[in-house]
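Just so you know, all these numbers are worked out from the coordinates, no wet-lab data involved. Predicted model only: the values in this text are computed from it and were never measured. Cβ sites come from the backbone with ideal geometry, for glycine too, and all protein chains shown count toward neighbours.
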RNA sequence: GCCGAUGUGGCGAAAUGGCAGACGCAACGGACUUAAAAUCCGUUUUCGCGAAAGCGGAGUGCGGGUUCGAGUCCCGCCAUCGGCACCA
């Protein structure tokens, strides 16, 4: 193909227009107050999840979402919106650092090279980004504000009364002494996910099946002193405020499940013969009369205080501790545990029940202890079966005679205080009883944990914090950005001490204080980048107030600011939850104007290889956008990515599909151009200035209608199909009215911007095609005087007939009954009913 | 195990409860050409009858239901993919 003549000169055209857009800053958009800003226009903020500029370069998955947003951006622009459509780089992160360790090259250098490569690749696809707003999370001018936001979080506490973050200075006097334990950023010494392979700790979210998400190295639990962010304080708001967002329901569900809110009660079980009592969390306080034992998590400190069978218990704890997380989940099928020798007293009936230790109870959830009700909980049932513990039924299910273990809702039995009550009422009543007698209270628990925010890495934002002995203090804002030290050796130390500790000079803050040596996780930079795009050069704030209010504003009281956000499902919980959390803190503190960052979210589907498998180097089925563009051009590439199928669906790549859309674009080209004697492309003689005929006008306006509706619905594949129909109609027409070609070029422009801009110029239309006002459908051209109706007999199509558009139902019915086919099929049957759907069909029911 | 998504020709797919398969790919046939490529035109869900125009039947993962009418709505299954997974 490379040697043969190209079906149209896309290489020359594409380079030409890309250079033009760059030279003229065609897609730059000024901020409110800046020259050229038009306040009369509404705003539209359309955003891609910005990429991590990896060494592998762009793959065909990236441009799928990017093309979708680009089409919307260009379309909204043509409709007269001020469109914010930026791009940047999420450039801190592990791969650059791993690569640096391997090659000895500084991550800043590889990052710069990778960014340059990505940018070149993106520019070759012809995206209408405002490149003057480009940002990079590793740029000190950027991470200065990442650090600044951290300080806002550090200097805030969560007021449970108002459910809002407030400045730490407003902490009530009685709490002021323990201010550090109220901050939204705090230090905790707790078991964390330590990954020796990566030499860093990881967030729960970054650990998959006991292995690191990046690299797949084993992860072990180990206590370390770490920074955490109090995201759990926002758990309820993070759930509730999902309601106002235009997100896929499945993503909302994912987030709700991740937060895992569950209502229940805390119940105190006194330890027999001791002062201590064991607090458990249960969602089924109505089953309290069925409790036959209590279980503590192996890590629960109470175990030390009450274990009578010390030897057995210690041996068991040792076995559990030596298991990695992976083993502990793997071996989950078989329950294990040991009796402590101690007994607890059931507050509702005074029964003495044994206290066990078992690793099916997790220290990190609830109180690290449970009340076991084997008759009504699968796990307790299994455990009781294995160790011969008592099983006592206290709920009768709705069915006939329930199995031995029934965990559903029913009616309380064998429970003096609540006998005969349905589960919901039984819960309420027993909880009230517990509160009254001081044995417990209503509580809410969450699966969500506070966000482990520190990493033992070099290539991340340093914390703007210093340690004066055991006390941490925030650096003053004037010292931001705090840049990392230049290091020759950024390898992990292996001990868990961060690489920054090797920079002895940098480390020393002043005579009495050392700098924090941890760095922030990669999520930090992406938690607020959408704000920076609003005002990327601002030196005084993350984003200027006016710019933030304008771009992040929303109509009709909607909560979110970005009007359309497109990216992959892999960020369904992590990035999207973290960003929402930061945004809410900033909102509470008055730094942003809306409570949610992203009003509408859409996930693009994964593109599979030609073989229907996931693309991977190992399978050798990776498609490189550069190759496709070199062979077919950027317009074909863009168009194919959108023509493959619905945006949100997973779909396989097909090179013959690219050829198909490429042929379509060449047909568009030849509508306007033809080859002369010398083989040069010149304007076609078939292009006419005459008024278009009825059929073409109809095709044109039907296309305006369909393409407009489809872009609004992000249904790009069907929009393209409609344009193909339009082009087929023009191809078959004896002459091609310029008025119709003009409409075609405008509709196609967001999809294939280079080709359409070139043909626009050839046809001599004013200005840029991209600047032309989006066409409006005139419905008058769509109406026909006559319509074809389908005539069915008993639901089967038997005849078609042409009737006047405004024929009455009665007329249509009579006409249908008289057609020969219908008579034939009716035979001697009686017509029982006739349904007429105007303009569509007639169904005659006979029998 | 739980939650969610998907299932339509040889393939990617399309169808406010109203003609299933638009549009594209592939395949086949034709035109143009010395020839090929490119381009243009046509056929293409499937089965039966027919030389043909045509006529008739079946058909949207499987089984039921609602409806004049179901790919679409309801109930019950199956398969594939994604997420969570001892969360008390």
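Annotations for the structure displayed:
- Percent breakdown of C-alpha pair distances by 10 Å bin, ordered from the shortest bin, for segment A:571-637: 17, 25, 21, 21, 15, 1
- The three principal axes of the Cα atoms in segment A:363-444 give end-to-end lengths of 34, 34, 19 Å, sorted in falling order.
- Cβ-Cβ distance of residue A:102 and residue A:619, R₀ of 35 Å, FRET efficiency by 1/(1 + (r/R0)^6): the value works out to about 0.90.
- Interatomic Cα distance distribution for segment A:225-365, bins of 10 angstrom, percent: 10, 30, 30, 22, 7, 1
- D by Stokes-Einstein for segment A:681-781, Kirkwood Rh over Cα pairs, 4 °C, 1.567 mPa s: 94 µm²/s.
- Extension gain, residue A:252 back to residue A:432 (0.36 nm per residue minus Cα-Cα distance, nm): 61.5 nm
- Computed from the C-alpha gyration tensor, the three semi-axes of the ellipsoid equivalent to segment A:261-445 are 27, 19, 15 Å, from longest to shortest.
- Reciprocal mean inverse distance between Cα atoms of segment A:729-847 - Kirkwood radius, Å: 18.0
- The peptide list A:274-280, A:466-472, A:360-366, put in order of mean Cβ contacts within 10 Å with the highest first, becomes A:360-366, A:274-280, A:466-472.
- Calculated P(r) tail over 24 Å for segment A:580-709, as whole % of Cα pairs: 58
- Square roots of five times the Cα gyration tensor eigenvalues for segment A:40-86, Å: 26, 10, 6
- Multiplying the residue separation of residue A:444 and residue A:352 by 0.36 nm and subtracting their alpha-carbon distance yields 30.4 nm.
- 0 to 90° range, to nearest 10: angle between helix A:574-588 axis and chain A longest Cα axis: 80
- Residue A:240 paired with residue A:650, simple spin-label distance in nm, labels 7 Å along Cα-to-beta-carbon: 3.7
- Rg/Rg_globular for segment A:786-846, with Rg_globular taken as 2.2 N^0.38 Å and Rg from C-alpha atoms: 0.99
- Translational D in µm²/s for segment A:182-283 (Stokes-Einstein at 20 °C, 1.002 mPa s, Kirkwood Rh from C-alpha pairs): 126
- Cα-derived Rg to Rh of chain A, Kirkwood definition: 1.06
- Chain A: angle of helix A:249-259 to the longest principal axis, Cα-based, in degrees nearest 10: 20
- Extending 7 Å from Cα along the Cβ direction at residue A:810 and again at residue A:209 yields two label points whose distance is 7.2 nm.
- Taking the longest Cα principal axis of chain A as reference, the axis of helix A:809-818 is set at about 70 degrees.
- Calculated FRET value between residue A:555 and residue A:378, using beta carbons and R₀ = 45 Å, to 0.05: 0.35
- Compared with the alpha-carbon gap, the fully stretched path from residue A:761 to residue A:283 is longer by 165.1 nm at 0.36 nm per residue.
- The distance between label points at residue A:314 and residue A:717 comes to 6.6 nm (points 7 Å beyond Cα on the Cα→Cβ vector).
- Comparing segment A:485-574 with the 2.2 N^0.38 Å rule of thumb, its C-alpha radius of gyration ratio is 1.60 (two decimals).
- Rounded FRET efficiency, nearest 0.05, which uses the C-beta distance separating residue A:608 from residue A:413 and R0 of 45 Å: 0.25
- Size descriptors for segment A:129-238 (Cα atoms only): Rg and Dmax, in that order, 17.7, 52 Å.
- For the peptides A:598-605, A:347-354, the ranking by packing is A:598-605, A:347-354, with the highest mean count of neighbouring Cβ atoms within 10 Å listed first.
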